[in-house]
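Shown next, in structure tokens, is the structure this report addresses.
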Amino acid sequence: MDCLFCKIISGEIPSKKVYEDESVYAFYDINPMAPVHVLIVPKQHLSSMNDITAENSAVVSHIFEVAAQLARELGIAEDGYRVVSNCGAAAGQTVFHLHFHLLGGKKLGLNMA
Ligand code: 5GP
Ligand code: ZN
């Protein structure tokens, strides 16, 4: 499949890995919008939030558990941070493999970062 994040997960395209387990991969965004900007993705290819179902949604709660852990490890848990998923072109989604942005390290505005 011609998917950028599937290629990052498989290692075909390099990335700065922050965390990995059997179902989740996390790496630094190539164009950070905040001092801490990590992308957390399911290893299973889901195109967007529109693909989340009762059968596959366990990985989403796991992603939020990983986000909270990474926020602590990256030192943004106390000051505050944001977890965002853009679903569809009108929301600004540019990579159609489900991902959650973890943003922090500055006072965040009303836009994504
Ligand atoms: P979206 O706009 O779909 O919500 O977010 C896609 C994110 O992927 C953007 O923040 C963009 O900077 C990031 N991105 C795009 N291509 C690459 C890449 O090759 N490597 C990494 N690490 N991030 C990427
Ligand atoms: Zn993919």
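The values are calculated or read from the model by the stated rules, or taken from the named source; none is laboratory data. In this text the structure is predicted, and so the values were computed from the model without any measurement. All Cβ positions, glycine included, derive from the backbone under ideal geometry; neighbour counts span all protein chains shown. When the accessible area is computed, the model is the full protein with side chains, heavy atoms only, and any ligands, DNA or RNA have been set aside. Shrake-Rupley method; radii C 1.70, N 1.55, O 1.52, S 1.80 Å.
So how tilted is helix 58-73 from the main axis of the chain? Cα-based, degrees 0 to 90, rounded to 10. That works out to roughly 30 degrees. For the chain, carbon and sulfur atoms together expose 53% of the accessible surface, with a 1.4 angstrom probe and every protein chain in place.
Here is the list for region 46-113: trypsin sites (Lys or Arg not before Pro) lying in DSSP coil, each with at most 10 other C-beta atoms within 10 angstrom of its C-beta, are Lys107. Absence of a disulfide-compatible partner, taken as no other cysteine beta carbon within less than 4.7 angstrom, is noted in the chain for Cys87. Region 79-112 to region 32-50: how many Å between their Cα centroids? Each part's Cα centre sits 8 Å from the other's. Each of Thr94 and Lys107 was given a label point 7 Å from its Cα along the Cα-to-Cβ line. The distance between the two points is 2.7 nm. Between Leu74 and Asp2, what FRET efficiency follows from the Cβ-Cβ distance if R0 is 30 Å, with the result rounded to 0.05? Calculated value: 0.45.
Close Lys pairs in the chain, defined as Cα atoms under 24 Å apart and 8 or more places apart or on different chains, number 7. Two numbers describe the Cα atoms of the chain: Rg and Dmax, which are 13.4, 39 Å.
For the chain, what is the mean residue ellipticity at 222 nm derived from helices alone (per DSSP H run of n ≥ 4: -39500 (n - 2.57); sum divided by total residues; nearest 500 deg cm²/dmol)?
-6000 deg cm²/dmol
The residues of region 10-113 have, on average, 56 Å² of accessible surface per residue, using a 1.4 Å probe with all protein chains present.
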